[in-house]
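The block underneath contains the structure these notes are about, expressed in structure tokens.
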Amino acid sequence: MINTSGEHSFSTSIRKLRFLVVDDFENFRNSMRQMLRSLGAEKIELVHNGAAAVQRCAYDHFDVLLCNYNLGEGKSGQHVLEELRHRKLLHHSSLFLMVTAETSREMVMGAREYHPDAYLTKPINRAMLEKRLGALAERREALLPVTRAMDLEDNPEAIQQCLSLLSQYPRHRSWIYKTLAELYIQVGDYGQARKIYDDILSQRSLSWARLGKARVLLAEGHLDEAIVALQRLVEDHPDYLEAYDLLSESLKRNGKSGQAQKVLQRAAELSPNALLRQRDLAKLATQNHDIDTATDAWRRTVNLGTWSVHDNPDHHLALGRSLTDLSEGDPGGEGKEYADEAVRVLKHLERRFPEAPDIGPRTMLVRARIVAARGNRTKAMKFLEEARAALPEDKLSADAGLDLAKTLYRVGQNREAEQLLASLAQRFEGEAETIEQIENLMDEPVGLQQRLQARTLNREGIQAYEKGGLPEAARFFEQALDIVPNHAALNLNLVQIRMKQLQDGDRSVVRQHALAQCHRCFQALENLPPQHRQYRRYLAMKRKMESMNE
């Protein structure tokens, strides 16, 4: 006698579920509906593209989505999953199955970023669908008490449900432990999370447990330990993208932004279609003054945004800025190409986001820089005045304020730029990243090529100083100050050298000349805002200088 109890249970379970099939080919949609019906499914809807899938999920809840990766023109399956996750339209209890005939590394790595529950490779037959769907539906049913609590954002209840299910469903212990540890992290109970990870790792070296433990170490402030753990993890699992992201974040927090950028670049090479990582790489490269890398990453960010929920006018504006930075100081062929591309990017931005706040005046500011770099100050001033008329300076966002200050510097209105930056420093005093950008602009209000030249001279001056070559170091700092005369660190470096020479009785230094030079350096910094990272050093050296004059 044939035992049909298992089939009856599966059929009963699947009958309760709501299905959404997403594919651009009608024949495939109809075929999937027929197979699902033969398995017992009754509530099945079909849509032909990604936009329609997102729209349906915005109005109705589906238990299972079978979505093709390649959906023709428009959103891909990856874009659909990305948007559903971002907008929280996909419940924790829902299943997302990515259907694909494509198995390229780039596709798999990109889609995996958003954690589909399974992949189904075409061609799909009834037996394959029944096997995969049966296992997933059984797990879904078993874990519903946890996922429903998570959907309600009731983390304490979800934790209790995890604990009660551990003994009932040993086959799902890995999922339960992983989820439980993540819930403990979300509620700030790092001790319990660490205990779970340590218990797991004492039995098996599972990559998710190693990553989780590193996350706990980072949350508890054990930066060095977290970095070592993550470096070993990416060595053992070179495709583990989340480990690269966390390692980059850890290195950045540890003040190693150059290393952090290299790690993020490696992850972006492995999975080039992850918009948010490209954006983060572009931002980090910009902070590291690596404008070439930043520009490439912003280009990819903008291109990937065409069908992505994460597309943002700020990405386009940042690309325009980077291209403008590259064009400045190079009136020739390549500089003109960058400038022309920047103009195209800004025009596309205005067409794509016509209703975005302040986009018109902010694009004008970047255009003012472009034409100023090409020698057309009259047109630059016209753009600047139009932008200022539309931007109330007492309500400027940090980004808009920095754009305006940079443009003021480019048209020679340095005093106004400095006053604006001092005002911004007061308004955004608690925002470390903004303060750093303000300081960098105050120190180096010049084009990219000049900034690079000044930094090279500064490095050479520091190297000479460390070797004891004070006169040589002073010459390097003087040359750098010819380029960026208000650079706080450079002025104080030169003061430090002159003060040491005077204290040591260096006969090669004329006392009155050295004192006058120190006075000029302090005068250049008289408007240094208290929020500047060099401000304390400035006060200390000024007091020391005054005591030497007594």
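A142 meets the conditions (1) within 30 Å of L275 (Cα to Cα); (2) in contact (Cβ under 8 Å) with a residue 24 or more places away in the chain; (3) of a type in the set (A, V, I, L, M); (4) surrounded by fewer than 20 Cβ atoms within 10 Å (Cβ to Cβ) in every case but one. The failed one is (1).
Could you check the stretch 119-129 and list, in sequence order, the residues that are surrounded by fewer than 18 Cβ atoms within 10 Å (Cβ to Cβ) and either assigned to a helix (DSSP H, G or I) or among the hydroxyl-bearing types (S, T, Y) (or both)? Within the stretch 119-129, Y119, T121, R126, A127, M128 qualify. Going residue by residue through the stretch 212-220, is there one that turns out to be without any contact (Cβ under 8 Å) to a residue 60 or more places away in the chain and farther than 21 Å from Y240 by Cα? Yes, the stretch 212-220 contains a residue that is without any contact (Cβ under 8 Å) to a residue 60 or more places away in the chain and farther than 21 Å from Y240 by Cα.
Report whether or not E393 is buried (at least 16 other Cβ atoms within 10 Å of the Cβ), of a type in the set (D, E, K, R), more than 26 Å from H310 (Cβ to Cβ) and modelled with pLDDT under 95. No: the conditions fail for E393. Here the condition is being hydrophobic (A, V, I, L, M, F, W, C) and farther than 27 Å from E82 by Cα; of A339, A318, A297, A282, it holds for A339 alone. Checking the structure you have, find out if any residue of the stretch 239-246 is outside any helix (DSSP H, G or I), of a type outside the set (S, T, N, Q) and within 23 Å of L281 (Cα to Cα). Within the stretch 239-246, one or more residues are outside any helix (DSSP H, G or I), of a type outside the set (S, T, N, Q) and within 23 Å of L281 (Cα to Cα). Only one of the numbered conditions (1) more than 30 Å from S76 (Cβ to Cβ); (2) acidic (D, E); (3) under 21 Å from the mean Cα position of the chain (by Cα) is not met by E385, and that is (3).
The values are calculated or read from the model by the stated rules, or taken from the named source; none is laboratory data. Just so you know, these numbers come straight off a predicted model, no measurement behind them. Because the Cβ atoms are built from the backbone with ideal geometry, glycine has one as well, and the counts that use them run over all protein chains shown.
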